[in-house]
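S.K.: Here it is: the structure, laid out below.
The values are calculated or read from the model by the stated rules, or taken from the named source; none is laboratory data. Being a predicted model, the structure only gives us computed values, none of them experimental. Positions of Cβ are backbone-derived with ideal geometry, glycine not excepted, and every protein chain shown enters the neighbour counts. What goes into the accessible areas is simple: the full protein's heavy atoms, side chains included, and nothing from ligands, DNA or RNA. Shrake-Rupley method; radii C 1.70, N 1.55, O 1.52, S 1.80 Å.
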Amino acid sequence: MRSGESPMTGAALIGLQAALSHGSMPALQQACARVLPELKTMLRALLHYHLGTPMLRTRQVMLDVQNLER
């Protein structure tokens, strides 16, 4: 995905906005469930852009902390 590109269609984005405007958590969950892979792709791209790393190491850090406790 290039910078500024959205992996979702305009219709999907409008559906998410409508669910947000509705104010209903079930409506928002349903709207998000339909486009979950695309939302994950967008989140990864945003994290990479802001953090400058292709991989987050939080899982490894948590495993290391658990090993220290043992």
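S.K.: Could you please find all residues in the stretch 11-50 being within 12 Å of the chain's Cα centre (by Cα) and hydroxyl-bearing (Ser, Thr, Tyr)? Full working, then the answer.
M.R.: Kept after step one, since they are within 12 Å of the chain's Cα centre (by Cα), are these residues of the stretch 11-50: 32-33, 35-48.
Hit for the stretch 11-50 is Thr41, nothing else.
S.K.: In addition: Would you pick out the residues in the stretch 3-15 that are under 27 Å from Leu56 (Cβ atoms), small (Gly, Ala, Ser) and open to solvent by less than 70 Å² (accessible area, probe 1.4 Å)?
M.R.: Passing the criteria: Ser6, Ala12.
S.K.: Look at the stretch 28-70 and say how many of its residues are surrounded by 10 or more Cβ atoms within 10 Å (Cβ to Cβ) and β-branched (Val, Ile, Thr).
M.R.: Selection size over the stretch 28-70: 3.
S.K.: Here is a follow-up. Given the condition surrounded by 13 or more Cβ atoms within 10 Å (Cβ to Cβ) and in contact (Cβ under 8 Å) with a residue 12 or more places away in the chain, answer yes or no: does some residue in the stretch 16-27 qualify?
M.R.: Within the stretch 16-27, one or more residues are surrounded by 13 or more Cβ atoms within 10 Å (Cβ to Cβ) and in contact (Cβ under 8 Å) with a residue 12 or more places away in the chain.
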